[in-house]
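Participant: Before I ask anything, let me first share the structure, which is written out below as structure tokens.
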Amino acid sequence: MSVHDSSTHPLDHPIWTALTTTQQALAEGDARARRFPTAITPFADMPDMSTESFAALGALMSPQDIAVLFTPDPVTLPADFKIALADTGEQMIGTILETPANGVDIVTLGVDDVPAMIELTELTKPGPFSTRTHELGTFLGIHVDGQLVAMIGERMKPAHYTEITAVCVHPSYRGRGYGQMLLSAISRHIVSRGEIPFLHVFTHNHSAIALYRRQGMEIRRRLHVTVLKKADG
């Protein structure tokens, strides 16, 4: 079934929906395959899994590039691609509970914060984060003594939904409620624009899923996460 089927929910193919709706101005590619610029995120998708679509995706990629797909079904690759990672993730959605900041100063992060943001994401591994990821939406952070110790942001924007991403807290500063405060703050930003917050979390990350449930989110569906490379890369 093509993702263009009108019965498909926008979040069943979040990457394709984002690249053909709200974030289409960022899209590289055409009707056969689209991706975000690699300096922003390695996410890509196609309207179907045909040989022609994979060929179009391959034409967008250098030998060193990876492409990350979020799909409802497992991906079967043609011979000119190889799988670097095949896993599953839970897509969660819902109204996030209000958590007061309790005097903690939550600030909007920008281009000058990118080195600190990359340092924190390399330490905590919340998912792909690169030099231009912050261009996808609002990013918020908490500093302690001048150091960025917690952050959160917006990534994909499929139709009237906005994905929460880069939820991370420095290991030395966990247990202070920073994650819950940031979830609440970014959710307010999203809802104030008339959009619906959602996020993705690996199926095996039970502690994060439990946290998001406590914050008012529920699992909407499971998606397959496939990281692929060209076979000659």
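The values are calculated or read from the model by the stated rules, or taken from the named source; none is laboratory data. Worth saying up front: this structure is predicted, and the values here are computed from it rather than measured. Reconstructed Cβ throughout: ideal geometry from the backbone, glycine too, with neighbour counts over all protein chains shown. Keep in mind that these areas ignore ligands, DNA and RNA; they rest on the heavy atoms of the full protein, side chains included. Shrake-Rupley method; radii C 1.70, N 1.55, O 1.52, S 1.80 Å.
Participant: Those residues that are part of a strand (DSSP E or B) and either in contact with a Gly (Cβ under 9 Å, 6 or more places away or on another chain) or open to solvent by 20 Å² or more (accessible area, probe 1.4 Å) (or both), I need them from the range 71-82; list them, please.
Facilitator: 81, 82
Participant: State all residues of the range 208-233 that are crowded, with 16+ Cβ neighbours inside 10 Å and in a helix (DSSP H, G or I); if no residue qualifies, say none.
Facilitator: 208, 209, 211, 212
Participant: Kindly indicate whether residue 201 is surrounded by 17 or more Cβ atoms within 10 Å (Cβ to Cβ), β-branched (Val, Ile, Thr) and within 17 Å of the chain's Cα centre (by Cα).
Facilitator: Numbers: surrounded by 17 or more Cβ atoms within 10 Å (Cβ to Cβ): yes; β-branched (Val, Ile, Thr): yes; within 17 Å of the chain's Cα centre (by Cα): yes.
For residue 201, the condition - surrounded by 17 or more Cβ atoms within 10 Å (Cβ to Cβ), β-branched (Val, Ile, Thr) and within 17 Å of the chain's Cα centre (by Cα) - is met.
Participant: Any idea which of (1) open to solvent by 40 Å² or more (accessible area, probe 1.4 Å); (2) in contact with a strand residue (DSSP E or B) (Cβ under 8 Å, 6 or more places away or on another chain) is the one residue 175 doesn't satisfy?
Facilitator: (2)
Quick grid of which residues meet (1) open to solvent by less than 40 Å² (accessible area, probe 1.4 Å); (2) at pLDDT below 95; (3) assigned to a strand (DSSP E or B); (4) charged (D, E, K, R):
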{"residue": "56", "(1), (2), (3), (4)": "yes, no, no, no"}
{"residue": "69", "(1), (2), (3), (4)": "yes, no, yes, no"}
{"residue": "84", "(1), (2), (3), (4)": "no, no, yes, no"}
{"residue": "88", "(1), (2), (3), (4)": "yes, no, yes, no"}
{"residue": "115", "(1), (2), (3), (4)": "no, no, no, no"}
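Participant: Looking at the range 136-159 only, could you name the residues that are farther than 24 Å from residue 90 by Cα and buried (at least 16 other Cβ atoms within 10 Å of the Cβ)?
Facilitator: The initial filter retains those residues of the range 136-159 that are farther than 24 Å from residue 90 by Cα, namely 141-149.
Scanning the range 136-159 gives 141, 142, 143, 148, 149.
Participant: Does the range 30-38 contain at least one residue that is buried (at least 20 other Cβ atoms within 10 Å of the Cβ), over 26 Å from residue 182 (Cβ atoms) and under 14 Å from the mean Cα position of the chain (by Cα)?
Facilitator: There is at least one residue in the range 30-38 that is buried (at least 20 other Cβ atoms within 10 Å of the Cβ), over 26 Å from residue 182 (Cβ atoms) and under 14 Å from the mean Cα position of the chain (by Cα).
Participant: Looking at the range 97-106, which of its residues are at pLDDT 95 or above and surrounded by 15 or more Cβ atoms within 10 Å (Cβ to Cβ)?
Facilitator: Once the filter is applied, which keeps residues that are at pLDDT 95 or above and surrounded by 15 or more Cβ atoms within 10 Å (Cβ to Cβ), the range 97-106 yields 104, 106.
Participant: Quick one: count up the residues across the range 149-189 that are on the phi > 0 side of the Ramachandran plot and assigned to a loop (DSSP other than H, G, I, E, B).
Facilitator: Of the residues in the range 149-189, the ones on the phi > 0 side of the Ramachandran plot are 159, 166, 175, 177.
So of that shortlist, the ones also assigned to a loop (DSSP other than H, G, I, E, B) come out as 159, 175, 177.
Of the residues in the range 149-189, 3 are on the phi > 0 side of the Ramachandran plot and assigned to a loop (DSSP other than H, G, I, E, B).
Participant: Looking at the range 169-197, I want the residues that are over 17 Å from residue 92 (Cα atoms) and have a partner that is part of a helix (DSSP H, G or I) with Cβ atoms under 6 Å, at least 6 apart or on another chain. Which pairs are those?
Facilitator: 169/178; 169/179
Participant: Based on this model, can you work out whether residue 109 counts as over 24 Å from residue 216 (Cα atoms), in contact (Cβ under 8 Å) with a residue 40 or more places away in the chain, open to solvent by less than 20 Å² (accessible area, probe 1.4 Å) and in contact with a Phe, Trp or Tyr (Cβ under 9 Å, 6 or more places away or on another chain)?
Facilitator: In short, yes.
Participant: May I ask you to say which residue of 162, 121, 133 is open to solvent by less than 40 Å² (accessible area, probe 1.4 Å), in contact (Cβ under 8 Å) with a residue 40 or more places away in the chain and closer than 19 Å to residue 25 by Cβ?
Facilitator: 133
Participant: Select from the range 85-106 the residues that are charged (D, E, K, R), in contact (Cβ under 8 Å) with a residue 60 or more places away in the chain and either farther than 19 Å from residue 164 by Cβ or touching a strand residue (DSSP E or B) at 6+ places or on another chain (Cβ under 6 Å) (or both) and list them in ascending order.
Facilitator: Those that are charged (D, E, K, R), in contact (Cβ under 8 Å) with a residue 60 or more places away in the chain and either farther than 19 Å from residue 164 by Cβ or touching a strand residue (DSSP E or B) at 6+ places or on another chain (Cβ under 6 Å) (or both): 87, 90.
Participant: Still on this structure, I have one more. For the range 20-29, which positions are open to solvent by 70 Å² or more (accessible area, probe 1.4 Å) and more than 14 Å from residue 155 (Cα to Cα)?
Facilitator: At the first step, the residues of the range 20-29 found to be open to solvent by 70 Å² or more (accessible area, probe 1.4 Å) are 22, 24-25.
Matches in the range 20-29: 25 only.
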